[in-house]
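The values are calculated or read from the model by the stated rules, or taken from the named source; none is laboratory data. Here the structure is a predicted model, which means the values were calculated and not measured. Glycine also receives a Cβ, built like all others from the backbone with ideal geometry; neighbour counts cover every protein chain displayed. Just the protein is used for accessible areas: all its heavy atoms, side chains included, with ligands, DNA and RNA removed. Shrake-Rupley method; radii C 1.70, N 1.55, O 1.52, S 1.80 Å.
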Amino acid sequence: MSWTVIQQSLPNFVAGFRLTLWLSLIGIIGAIIVGIIASLVQYFKVPVLSRIFDIYVEVARNTPLLIQLFFLYYAFPVIGWKMPAETCGIIGLIFLGGAYMAEGFTGGFNGVSKTQLDGGRALGMSNLQLARYVVFPQGFALSMPALAANIIFLIKETSIFSVIAIPELTNTALDLIGMYYQSNEYLFVLVIAYAIILIPLILILNWLERRVRYGTFGD
């Protein structure tokens, strides 16, 4: 293990680290938004839209991100729609993550008592009001374990972006290994970089899950 090699590679890994964080952040936010919309549409069985989202969830969850990225990056230019690799990565992450988020949120929303829904309807609340004041607040808390797991999953999926030459952490390590053949050093830095991202995030998500579950934010 050469610490000199590791030190010399740090600028490359810092750039890859920043890009991985940025792509993950945009992708996860987009996936959460898509997941919430899809799950609420499915929960309230909105005509036509619920069927469209059902198909979307099944397609997204049953195709690998690798295939989705190949389709976005290589197939779309054939029909005249060429996008930067980073854009393809973000869209792929949102497409895949939105489906998993939708399933997680749906599980949480289904945990809301039907009695509360009936009570809301008896008060004259619309589906939009039920979603805002009854289903979403309680269902979101119940969805926290799935939400946390999906966030970690999506961050780790960014490693697949290397197949379309996005210079994130994994691609950075592979490029350096290909040029200098110092596998141990570069893989060591790669593992440390992901640990720096994931370990604090896991601790934060576990803390948030406990706070949301037991309603202790105001304590």
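If we keep just the residues of the range 142-151 that are small (Gly, Ala, Ser) and open to solvent by 30 Å² or more (accessible area, probe 1.4 Å), which is nearest to ILE196 (Cα to Cα)? So, considering only residues that are small (Gly, Ala, Ser) and open to solvent by 30 Å² or more (accessible area, probe 1.4 Å), the one nearest to ILE196 (Cα to Cα) is ALA149.
Is it the case that the range 121-133 has a residue that's in contact with a Phe, Trp or Tyr (Cβ under 9 Å, 6 or more places away or on another chain), within 30 Å of ARG211 (Cβ to Cβ), crowded, with 19+ Cβ neighbours inside 10 Å and not acidic (Asp, Glu)? Yes; the residues of the range 121-133 include at least one that is in contact with a Phe, Trp or Tyr (Cβ under 9 Å, 6 or more places away or on another chain), within 30 Å of ARG211 (Cβ to Cβ), crowded, with 19+ Cβ neighbours inside 10 Å and not acidic (Asp, Glu). Summed over the range 129-177, residues that are more than 19 Å from ALA99 (Cα to Cα) and among the charged types (D, E, K, R) total 3. The C-beta contact set for the range 84-102 (first residue among the small types (Gly, Ala, Ser), second residue part of a loop (DSSP other than H, G, I, E, B), distance under 6 angstrom, 6+ apart or interchain) comprises ALA85/ALA165; ALA85/ILE166; GLY89/ILE166. Among the residues making up the range 152-187, those that are open to solvent by less than 20 Å² (accessible area, probe 1.4 Å) and under 24 Å from the mean Cα position of the chain (by Cα) are LEU154, ILE155, THR158, PHE161, ILE164, ILE166, GLU168, LEU169, ASN171, THR172, ALA173. When the range 1-27 is filtered for residues that are in a helix (DSSP H, G or I), over 16 Å from ALA85 (Cβ atoms) and either small (Gly, Ala, Ser) or open to solvent by less than 20 Å² (accessible area, probe 1.4 Å) (or both), the ones remaining, listed by number, are ILE6, SER9, PHE13. Taking helices (runs of 4 or more DSSP H) as the structural unit, no element lying wholly within the range 29-112 holds at least 2 residues that are open to solvent by 70 Å² or more (accessible area, probe 1.4 Å), more than 30 Å from GLY16 (Cβ to Cβ) and modelled with pLDDT under 90. Checked against (1) touching a Leu at 6+ places or on another chain (Cβ under 7 Å); (2) outside any helix (DSSP H, G or I), ALA148 meets all criteria but (2). Provide a single number: the residues in the range 188-199 that are among the aromatic types (Phe, Trp, Tyr) and either at pLDDT below 90 or crowded, with 19+ Cβ neighbours inside 10 Å (or both). The total comes to 0.
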